[in-house]
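The values are calculated or read from the model by the stated rules, or taken from the named source; none is laboratory data. Everything numeric here is computed off the predicted structure, so don't read it as measured data. Virtual Cβ from ideal backbone geometry, glycine too; neighbours counted across all protein chains shown. Protein only, heavy atoms only, side chains kept; ligands, DNA and RNA dropped before computing areas. Shrake-Rupley method; radii C 1.70, N 1.55, O 1.52, S 1.80 Å.
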Amino acid sequence: GDTTVYILGVPGAMPKGMAWDTSVLDRRLDGAFALITPPVARAGITDLPALLSMRSKLKAERPLDQIAPDLAPRLARAWAATGQKGDGWKDWKPLGAGLLLAGNAQKGARLTGDEPERTIEKLARKHRVKSRPAAVYKAAPMIKTVVKRHSDEAGRICLEGVIDEVEAGPEPVRQAARAWAEGEVLTAIRAPRQSQRCIMALPGMSETFRSMSAAQVEAIAQAMKTPGKAVAVVSLRGLVAEEGVLDKLRARGFTVTTP
């Protein structure tokens, strides 16, 4: 009765420099006692040697065009479309090639995964609102599990998904981000989902994402014990999905209202 947590659903990527109306968020943060941000995975200095060694384990023992000859022509075109020269993609396992291709595509399309979170954090500092992630995970164990235990099928799912997104071009992501900025939720959640399919195919990742969702719900539930108001930031799709954050908050007995 004496606490409100305002939840902002955010897209997975945005065009660099895209403006959006921060006035409502600015009002919500004014006088808030906390900003709850999405869970984060962190690596320490001592993890760096192990993480760097993981890169070599994504190298292919034989050329990728021999491992996946049906995908090779599409991959070669996608590789060139992201501005990469030569056939360096042949040196990698499907998962490694997919990760490199995804990174190159995001840079080439001038998309960023740092926004709108960076702007939100800046506004929180302006209002002197303490920011805290819903949970903190160690990155190194997750990466080791994915690299060492992922199946050939999972690697192929990831690579095919990235190729599909490169072939579609950046406009679907940009359109979803523009829709988010205008409050058009149905269009905003139609952003490409191939990367999500990739993540869920990798070992341990579906369990990790369920854990992250539960951590966000728990962080919001804990905030509800403090009189006043707080702001929480949640992935838009994870917020509104069936059995997503809003559904779980309702199931715990909280009153949930939406715009």
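Numbers at a glance
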{"item": "Unique match (being open to solvent by 60 Å² or more (accessible area, probe 1.4 Å), farther than 30 Å from Pro133 by Cα, of a type in the set (S, T, N, Q) and in a helix (DSSP H, G or I)) among Gln84, Gln66", "result": "Gln66"}
{"item": "In the stretch 165-176, residue surrounded by the fewest Cβ atoms within 10 Å (Cβ to Cβ) [restricted to those that are part of a helix (DSSP H, G or I) and touching a residue at least 60 places away in the same chain (Cβ under 8 Å)]", "result": "Glu167"}
{"item": "The stretch 21-45, residues that are within 30 Å of Met205 (Cβ to Cβ) and either in contact with an Asp or Glu (Cβ under 9 Å, 6 or more places away or on another chain) or among the small types (Gly, Ala, Ser) (or both)", "result": "Ala34, Leu35, Thr37, Pro38, Ala41, Ala43, Gly44"}
{"item": "Residue satisfying all of: in the stretch 182-214; assigned to a loop (DSSP other than H, G, I, E, B) and more than 22 Å from Pro94 (Cα to Cα); most open to solvent (accessible area, probe 1.4 Å) among these", "result": "Arg190"}
{"item": "Complete set of residues in the stretch 110-132 that are surrounded by 12 or more Cβ atoms within 10 Å (Cβ to Cβ), among the small types (Gly, Ala, Ser) and more than 17 Å from Ser23 (Cβ to Cβ)", "result": "Ser131"}
{"item": "Hits in the stretch 215-225 - residues which are open to solvent by 60 Å² or more (accessible area, probe 1.4 Å) and either in a helix (DSSP H, G or I) or in contact with an Asp or Glu (Cβ under 9 Å, 6 or more places away or on another chain) (or both)", "result": "Glu218, Gln222"}
{"item": "Members of the stretch 28-45 found to be of a type in the set (A, V, I, L, M, F, W, C) and either under 17 Å from Gln222 (Cβ atoms) or touching a Leu at 6+ places or on another chain (Cβ under 8 Å) (or both), listed by number", "result": "Leu29, Ala32, Phe33, Ala34, Leu35, Ile36, Ala43"}
{"item": "Test set (1) open to solvent by less than 40 Å² (accessible area, probe 1.4 Å); (2) part of a loop (DSSP other than H, G, I, E, B) - Gly9 fails condition number", "result": "(2)"}
{"item": "Residue within the stretch 228-248 that is under 27 Å from Arg27 (Cα atoms), hydroxyl-bearing (Ser, Thr, Tyr), touching a residue at least 12 places away in the same chain (Cβ under 8 Å) and not in a loop (DSSP other than H, G, I, E, B) present", "result": "yes"}
{"item": "One residue from Ala97, Ala179, Ala154 being part of a helix (DSSP H, G or I), touching a Ser or Thr at 6+ places or on another chain (Cβ under 6 Å) and among the hydrophobic types (A, V, I, L, M, F, W, C)", "result": "Ala179"}
{"item": "Selection within the stretch 102-137 - under 18 Å from the mean Cα position of the chain (by Cα), at pLDDT 90 or above and not hydroxyl-bearing (Ser, Thr, Tyr)", "result": "Asp114, Glu115, Pro116, Glu117, Arg118, Ile120, Glu121, Arg132, Pro133, Ala134, Ala135, Val136"}
